[in-house]
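Just below is one structure, and these are the notes that go with it.
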Amino acid sequence: MLALYNLLILLFLPVVRVAALFNPKLRRGLDGRKTLIQDTGKHYQHTNIHGSRILIHSASFGELEQAKPVISEIKKQHPTAHIHLTFFSPSGYENVIGKYPDADLITYSPIDRQKDVAEFLDIVKPDLALFTRYDVWPNMASELKHRSVPSILFAATASENSRRTMPVVSTLYRNVFQSLTKILTISENDKIRLEEFGVDAKNVIVTGDTRFDQVLARRSAVEHMGEELLPERIRKSIEERGTLVFIVGSSWESDEAIYLDTLKKSIERSDNIITIIAPHEPTEDRIRALLANVPGKSIRFSKTEEWDGEPVIVVDSIGKLFALYCYADVVMIGGGFGAGLHNILEAAVWSAPSIVGPNHKKSREVQQLIDKLATFEVSNKNEFDFAFWQLAQSEDLRGSAGEQASHFVQEHRGVTERIMKEIEPLVNQSTSTNSQ
């Protein structure tokens with residue numbers, strides 16, 4: 001089966017190279033790998049490594065958020081460990097390179113050709129390989145097993161509708177999963193599906209989702225820094241007047257078609273609601289379009305020192321949304337009417353009740369929050385309007401929903417500790433080997 005896969009890779013790569021001529025993201029990914037072997041070789045040639053060599057792979061930026069608590073804990077317990085972080089996607093690599101100090105080296109992952117993987121591992125010589133969530137490639141898994149390098153997939157999910165359950169593909173990925181030393185799943189259902197897939201039950205352990213620990217750590221960091229994102233004049237006005245703060249996190253155009261009519265009503269009915277909109281991608285074109293489309297007066301977040309009572313603030317830079325949620329009374333999580341819901345836990349950890357669209361089936365925690373009446377699902381603009389005003393007009397409803405959201409996050413903490421119990425013996429083993 002692996003031989004057939006390798007043949008398909010050889011046939012498929014020329015097609016990818018042609019497609020890259022018309023697809024900027026594909027082109028960036030291929031260009032970024034042109035000097036991968038040379039750059040990686042230079043790093044290891046000029047770096048003295050005294051601890052374990054740990055290779056950690058994430059598909060993209062979102063998966064890194066799940067890996068961060070584990071990476072941080074490894075560095076805390078093993079300061080001399082060398083962390084080599086790899087990404088498949090340009091959006092992951094480009095958003096992290098030069099910005100994430102816990103990794104000693106950040107590169108792309110090699111294209112999953114047997115030759116490329118073997119050449120990469122000859123240089124890296126990992127003592128342990130960790131994969132986040134789902135992104136394990138056949139040749140990489142096979143080569144690690146051949147070299148007797150322990151490998152763990154953590155925060156793992158196994159969707160019922162995954163393409164990996166299709167005929168032929170399922171045989172290939174059964175071999176991939178069986179090549180791994182351990183698989184640490186998010187839920188019991190994930191464990192059951194992997195066992196049904198043919199993975200040995202003793203190698204599959206339920207540890208939970210690291211995103212809970214990550215949002216708790218991020219909240220703690222924000223509170224420790226004590227920096228306020230909103231200027232004092234806005235904060236003072238909100239406090240003195242009891243202003244309701246409504247935040248739309250990671251807003252897409254499909255979301256705007258749902259909430260803009262309600263936003264217009266809120267401005268007409270009340271002068272005591274502030275709406276903060278953080279677009280999914282705050283490009284200059286998107287910012288200008290939002291400023292033109294939102295009703296009433298609006299202001300850019302970067303200009304809030306000049307705020308003069310504008311009821312709408314449009315966030316025009318990245319990296320602000322999470323800390324802004326601390327001001328929220330009501331949140332709409334973007335993506336639920338199109339591409340897929342943004343991370344709802346980022347709002348829940350701040351005790352913020354939320355409204356979501358119907359496209360959230362890949363986020364199991366959303367349904368759990370809906371069941372706890374901490375989150376409210378809507379299917380159209382009329383349902384959104386009803387849910388918004390119910391929350392806006394009832395402090396008791398907001399309070400109970402927010403309390404349920406916060407409690408939900410708190411009761412799922414401790415995942416990193418459980419994962420480290422499974423990783424730790426392998427790190428200690430590699431450290432002992434390196435010291436001999």
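The values are calculated or read from the model by the stated rules, or taken from the named source; none is laboratory data. Worth saying up front: this structure is predicted, and the values here are computed from it rather than measured. A quick note on method: Cβ atoms are made from the backbone with ideal geometry, for glycine too, and the neighbour counts reach across all protein chains shown. The area values use the complete protein model at the heavy-atom level, side chains included, leaving out ligands, DNA and RNA. Shrake-Rupley method; radii C 1.70, N 1.55, O 1.52, S 1.80 Å.
Please specify each residue of segment 1-60 satisfying the condition of being closer than 30 Å to HIS82 by Cβ, part of a helix (DSSP H, G or I) and under 25 Å from the mean Cα position of the chain (by Cα).
The answer is LYS25, ARG28, GLY29, LEU30, ASP31, GLY32, LEU36.
Output the residues belonging to segment 306-342 that are among the aromatic types (Phe, Trp, Tyr), open to solvent by less than 40 Å² (accessible area, probe 1.4 Å) and within 18 Å of GLU281 (Cα to Cα).
If the condition is that a residue be among the aromatic types (Phe, Trp, Tyr), open to solvent by less than 40 Å² (accessible area, probe 1.4 Å) and within 18 Å of GLU281 (Cα to Cα), then PHE322, TYR325 are the ones that fit.
Taking segment 125-152 as the search range and keeping residues that are hydrophobic (A, V, I, L, M, F, W, C) and not in a strand (DSSP E or B), which one is most open to solvent (accessible area, probe 1.4 Å)? Before the answer, list the steps.
Here is the first cut: in segment 125-152, the residues hydrophobic (A, V, I, L, M, F, W, C) are 128-131, 136-137, 140-141, 144, 149, 152.
Now restrict to residues that are not in a strand (DSSP E or B): 136-137, 140-141, 144, 149.
Values: VAL136: 1, TRP137: 77, MET140: 19, ALA141: 1, LEU144: 1, VAL149: 19 Å².
So, considering only residues that are hydrophobic (A, V, I, L, M, F, W, C) and not in a strand (DSSP E or B), the one most open to solvent (accessible area, probe 1.4 Å) is TRP137.
Answer with yes or no whether PHE177 is touching a strand residue (DSSP E or B) at 6+ places or on another chain (Cβ under 7 Å), at pLDDT below 95 and surrounded by 15 or more Cβ atoms within 10 Å (Cβ to Cβ).
Working: touching a strand residue (DSSP E or B) at 6+ places or on another chain (Cβ under 7 Å): yes; at pLDDT below 95: yes; surrounded by 15 or more Cβ atoms within 10 Å (Cβ to Cβ): yes.
Judged against the criteria, PHE177 is a match.
Tell me, please, whether a residue that is of a type in the set (Ser, Thr, Tyr), modelled with pLDDT under 95, surrounded by 15 or more Cβ atoms within 10 Å (Cβ to Cβ) and not in a strand (DSSP E or B) can be found in segment 100-120. Can you show your working first?
Residues of segment 100-120 of a type in the set (Ser, Thr, Tyr): 100, 107-109.
Applying the additional criterion that residues be modelled with pLDDT under 95 yields 100.
Those still in the list that are surrounded by 15 or more Cβ atoms within 10 Å (Cβ to Cβ) too: none.
No.
Check whether at least one residue in segment 381-395 is among the aromatic types (Phe, Trp, Tyr) and open to solvent by less than 10 Å² (accessible area, probe 1.4 Å), and report yes or no. Spell out the reasoning first.
Our first condition is that a residue be among the aromatic types (Phe, Trp, Tyr); within segment 381-395, this holds for 384, 386, 388-389.
So of that shortlist, the ones also open to solvent by less than 10 Å² (accessible area, probe 1.4 Å) come out as 384, 388.
Within segment 381-395, one or more residues are among the aromatic types (Phe, Trp, Tyr) and open to solvent by less than 10 Å² (accessible area, probe 1.4 Å).
Across segment 288-308, what is the number of residues that are touching a residue at least 60 places away in the same chain (Cβ under 8 Å) and more than 14 Å from ALA278 (Cβ to Cβ)?
2
For segment 184-229, how many residues meet the condition of being of a type in the set (Lys, Arg) and free of Cβ contacts under 8 Å to residues at least 60 places away in the same chain?
3
Return a yes/no flag: does segment 127-137 have any residue that is in contact (Cβ under 8 Å) with a residue 24 or more places away in the chain and over 21 Å from the mean Cα position of the chain (by Cα).
Let us first name the residues in segment 127-137 that are in contact (Cβ under 8 Å) with a residue 24 or more places away in the chain, namely 127-137.
Keeping just the survivors that are over 21 Å from the mean Cα position of the chain (by Cα) gives 127-128.
Scanning segment 127-137 turns up at least one residue that is in contact (Cβ under 8 Å) with a residue 24 or more places away in the chain and over 21 Å from the mean Cα position of the chain (by Cα).
Hey, any hits in segment 411-429 for a residue that's at pLDDT 95 or above and more than 22 Å from ASP209 (Cβ to Cβ)?
Taking every residue of segment 411-429 in turn, none turns out to be at pLDDT 95 or above and more than 22 Å from ASP209 (Cβ to Cβ).
Among what's in segment 74-93 and is open to solvent by 50 Å² or more (accessible area, probe 1.4 Å) and within 18 Å of the chain's Cα centre (by Cα), pick the residue that is nearest to LYS125 (Cα to Cα).
Of the residues in segment 74-93, the ones open to solvent by 50 Å² or more (accessible area, probe 1.4 Å) are 76-77, 79-80, 88, 93.
Next cut, within 18 Å of the chain's Cα centre (by Cα) only: 88, 93.
Numbers: PHE88: 19, TYR93: 21 Å.
Here the residue is PHE88.
Given the criterion out of contact with any Cys (no Cβ under 6 Å at 6 or more places or on another chain), at pLDDT 95 or above and of a type in the set (Asp, Glu), identify the matching residue among GLU240, GLU268.
Numbers: GLU268 fails: at pLDDT 95 or above.
Matching residue, one of GLU240, GLU268: GLU240.
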